[in-house]
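Shown next, in structure tokens, is the structure this report addresses.
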Amino acid sequence: MNMKKLKQLQRWLYCLLLGGCFVTSTQAFGQNQEKTPPNVIIVLVDDLGYADVGFNGCKDILTPNIDRIANEGVKFTNGYVSYAVCGPSRAGLITGRYQGRFGFRRNPLFAPNDPAMGLPLSEETLAAALKKAYYKTIAIGKWHLGAHHTLHPLKRGFDDFYGFLSGGHRYFPEEWTLADEYEARSQFDGYKTMLLRNYERVEENAYLTDALSREAVSYIEKYQDGPFFMYLSYNAPHTPLQATPKYLDRFDHIKDKRRKTYAAMVSAVDDGLGAILEKLEELDLRENTMIWFLSDNGGPEPNNSSDNGVLRGKKGDVYEGGIRVPFAVSWPASLPKGKVIDQPVISLDIFATAVENAGKPIRTKNKIDGVNLMPFINGKKKKQAHDWLFWHKYDQGNYALRQGDIKIVNYQKQGKMLFNLTKDISENQDLAEENEQTFDKLQKQFKQIEAKMKPPIFLGLMHNEEYDKLHPKRWHRPK
Ligand code: CA
């Protein structure tokens, strides 16, 4: 008997025990399932360009499995993250709050001795929130929310962890030469640490992306009775550009060597998604699993050969190219198939959507900024999910605020700009001069929001040298 049939039989027996309910079709099971908490999987990729997935029109890299999330679920054409680089964007996603509220306003440094370098303990992660509804939780891949032992994923609501604590990593196991964080002597040595399974170092032999996918599949198998929450945080296709022949061989049509390697890295993630979907189907879990797919920020086009398509700017910008990302969700039991949502949504909404559909009321520790997207997707709520969205690159002083079609952008160098994104997705036509009043109104709104944020609570990547001087024991092993 295959696994699917076995599961069906188990449900029949369960149903009979509960009082002999007569269920005659899997559809009727579906109705019963409506209140069963869904499994939640977030597939977060790193530095993927807006136009680098099939569901956003990519032609040179095929992503059939990633596309299934959008085609069998919902695609967000105006899906944003809350910051234009990795660390703060992840802090927003995992807490459901604008990370400025708790001062996470820079990319953190790799600092294993520093309990303040990462996600403050005042914050509750989505994993910790879902545990209130008895979810099992795992983080796989890149953490980047603090390398100090008090900030480890297992201290932040996750039952299991497989991955690395730094903000990036090399992909070939032979390059993981450091036994732990304290053997590092510089920021980017963090890319060379051996992987962790919970608190233990492991001997891993697989290409990094394949190893993370394998762990994801094996976790689903192990915790198939669910519900589970998996935060699958691939570091691909972040630099360094490294791929194996298995994936490179698929891209002989790409002549540019860097783009070819980038494509191979994306393809490895796509294979991972394929294996995950296959396992969910095999175990009859696909229907009631909510899978999100998104990138943590826009593509840094020149660095990793990514492509943001028609969007202006790149990773680090508050133009669309820095903050609008490939974004989709699939949950066959409760969401329509092939729907396209054009209104603005943000990564912060994932927290709210997961928590409000967990089958049990969950009281979150802090007030969250995201909203449950379900009624907006299903058309039960007609108004926009968000009155405004905002972004602030703190150290550079650049900011943006979007309200409906209109977005104001302020750069220290270029000054004030205003765009109508529905008419001008590429932010080419600056309408600030003829819409001075609107600009002023939205700028005032930005300032009111910003006044509720905290100043940065740690030095960031750009302060590496300054940090080294202030912390001469940065790499000392604690006694
Ligand atoms: Ca990133």
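Quick note: the coordinates plus some simple rules give every number you see, no bench work behind them. Predicted model only: the values in this text are computed from it and were never measured. No Cβ is skipped: glycine too gets one built from the backbone with ideal geometry, and neighbour counts run over all protein chains shown.
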Which residue, 376, 475, 53, has the largest displacement toward the positive end of the dipole of the chain when charges sit on each Cβ (Lys, Arg +1; Asp, Glu -1)?
376
Could you work out the pair-distance distribution P(r) of the stretch 332-479 from its alpha-carbon pairs, with 5 angstrom bin width and percents rounded to whole numbers?
2, 7, 13, 15, 14, 13, 12, 10, 7, 4, 3, 1, 0
Alpha carbon centre of the stretch 106-141 versus the stretch 458-473: separation in Å?
22
Debye calc, one equal point scatterer per Cα of the chain, no solvent, log10 I(q)/I(0) at q = 0.05, 0.06, 0.11 1/Å comes to -0.18, -0.26, -0.89
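Report the convex hull volume per residue for the stretch 255-363, counting only C-alpha atoms, in Å³. Mind showing how you got there, number by number?
Values: hull volume 16.0 nm³, N = 109.
Expressed per residue, the convex hull around the Cα atoms of the stretch 255-363 is 146 Å³.
Excluding residue 332 itself, what net charge comes from residues whose Cβ is under 9 Å from its Cβ, given Lys and Arg +1 and Asp and Glu -1? Write out the running numbers ahead of the final one.
On the way: positive: 286, 337; negative: 72, 287.
Around residue 332, the surrounding residues sum to 0.
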Suppose every K and R has +1 on its Cβ and every D and E has -1 on its Cβ; what is the size of the dipole of the chain about the Cα centre, in Debye to the nearest 20?
1260
Where the centroid of each part is defined by its Cα atoms, how far is the stretch 203-237 from the stretch 47-98 in Å?
19
Just grab the label-to-label distance for residue 414 and residue 342, each label 7 Å out from Cα along the Cβ direction, in nm (one decimal).
2.4
Looking at this model, which pairs from 365/452; 131/381; 315/469 are more than 21 angstrom apart at the alpha-carbon?
131/381; 315/469
Projected onto the charge dipole of the chain (+1 at Lys/Arg Cβ, -1 at Asp/Glu Cβ, origin at the Cα centre), which of 44, 418, 359 gives the Cα projection farthest towards the positive end?
359
If packing is taken as the average count of other Cβ atoms within 10 Å, what order do 341-354, 237-250, 208-221, 436-449 fall into, highest mean first?
341-354, 208-221, 237-250, 436-449
Pair-distance profile P(r), taking every C-alpha pair of the stretch 389-450, with 5 angstrom steps and integer %
4, 19, 32, 28, 14, 3, 0
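So how do 301-311, 380-390, 463-473 stack up, highest first, on mean other-Cβ count within 10 Å? Intermediate values should be presented prior to the final figure.
On the way: 301-311: 19.3, 380-390: 14.6, 463-473: 12.3.
Ranking, from highest mean packing down: 301-311, 380-390, 463-473.
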Descending packing, highest mean Cβ count within 10 Å first, for 134-142, 90-98 is 90-98, 134-142
Find which of 323, 313, 394 sits farthest along the positive direction of the dipole of the chain, computed with +1 on the beta-carbon of Lys and Arg, -1 on that of Asp and Glu, about the Cα centre.
394
For the stretch 381-479, the dipole about the Cα centre with charges only on Cβ (Lys and Arg +1, Asp and Glu -1), to the nearest 20 debye, works out at 840
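Could you please report the charge total around residue 323, scoring K, R as +1 and D, E as -1 over all other residues with beta-carbon less than 12 angstrom from its beta-carbon?
On the way: positive: 312, 314, 315, 324, 393, 402, 407; negative: 296, 317, 320, 427.
Result for the neighbourhood of residue 323: +3.
Within the chain, what percent of beta bridges assigned by DSSP are antiparallel, to the nearest 5? Before the final figure, lay out each step's value.
Numbers: 29 of 58 bridges.
Approximately 50 percent, going by the DSSP bridge assignments.
In whole percent, what relative contact order does the stretch 36-377 give with Cα contacts below 8 Å and a gap of six or more residues? It would help to have the intermediate numbers written out before the result.
On the way: 825 pairs, mean separation 113.9, N = 342.
Reported as a whole number, the value is 33 percent.
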What's the center-to-center distance, using Cα atoms, between the stretch 254-311 and the stretch 327-360 in Å?
19
Output the relative contact order of the stretch 389-450, whole-number percent, from Cα pairs under 8 angstrom with separation of 6+ residues.
23
Can you count the Lys pairs in the stretch 389-450 whose Cα atoms are under 16 Å apart, with each pair 8 or more apart or on different chains?
12
